[in-house]
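Please treat every number below as a calculation from the coordinates, not as lab data. Computed from a prediction, not measured in an experiment: that's the story for all the values here. Here Cβ is always computed from backbone atoms with ideal geometry, including for glycine, and neighbour counts include all displayed protein chains.
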């Protein structure tokens, strides 16, 4: 009988909570820090969480990352489902905590990703898909590939998120993460254009996962003798 990886599941929930407490807070109650400040807040705290908890759970903190790694056959079904549940719960608790500590009206709603004027659902999905593909490339390239320089995984993944928010933060919120949308959306009751932050990240993750599974990882496993 397979033992459940409770420590890893707990790490995913805790890491997601910390990631989004800072991320939602920076987006809503952090003052006039602008997109640069929001991008740096997300990227730095994610780099810290991946570096701190990656050895326990892999440091996903994102259902799209979990989905991509599962698609690449690097994660079993039960652990993938448990990770996503933990991530969604961590996201909701982070949004609740921001709502409690904030003295800014509608802080949680303000921290919920939204489409900018002139960005329709189709464009939003494409933006989120491409941004997530960049993130997943960093994840696979620094943390999953057996040839990866895993000592820089946290830095590489955090920088990918920072760069993505520089580009997409003012267009779609630059979420790249269904949980980043789900937590504040659920607490604020703000579900407009939900498909953008669900389909976009999952699509981007699926494309990168397929490329790695079919092309890059078999070569890496052959070179390193890694077990799939």
Exercise. Once the Cβ-Cβ distance between residue 36 and residue 7 is put in as r, and R0 is 25 Å, what FRET efficiency do you end up with, to the nearest 0.05?
Worked result: 0.10
Seminar exercise, completed: Among 29, 85, 211, the residue with the largest mean-square fluctuation in a Gaussian network model of the chain built from Cα contacts under 10 Å is 211
Problem set entry | 222 nm mean residue ellipticity, helices alone, for the chain (DSSP H n ≥ 4; -39,500 (n - 2.57); rounded to 500) | -22500 deg cm²/dmol
Problem set entry | Kirkwood Rh (inverse of mean 1/r, distinct Cα pairs), the chain, angstrom | 17.3
For this session: Report, to the nearest 10°, how far helix 121-139 tilts away from the longest principal axis of the Cα atoms in the chain, using its own Cα long axis and a range of 0 to 90°.
Result: 50
Seminar exercise, completed: Going from the fewest other Cβ atoms within 10 Å to the most, one would list 136, 75 as 75, 136
For this session: Run through every distinct alpha carbon pair of the stretch 1-107 and return the Kirkwood hydrodynamic radius in angstroms, one decimal place.
Result: 14.4
Seminar exercise, completed: Helix 77-101 sits off the longest principal axis of the Cα atoms of the chain, rounded to the nearest 10 on a 0 to 90 degree scale, by 20
Exercise. Between 137, 170, 66, which gets the highest mean-square fluctuation from a Gaussian network model of the chain, Cα cutoff 10 Å?
Worked result: 170
Seminar exercise, completed: Going fewest to most other Cβ atoms within 10 Å around each Cβ, 219, 12, 128 line up as 219, 12, 128
Problem set entry | Likely footprinting exposure, 181, 70, 6, fewest C-beta neighbours within 10 Å first | 6, 70, 181
Exercise. Build a GNM of the chain with springs between Cα atoms under 10 Å: which of 127, 81, 157 gets the top mean-square fluctuation?
Worked result: 81
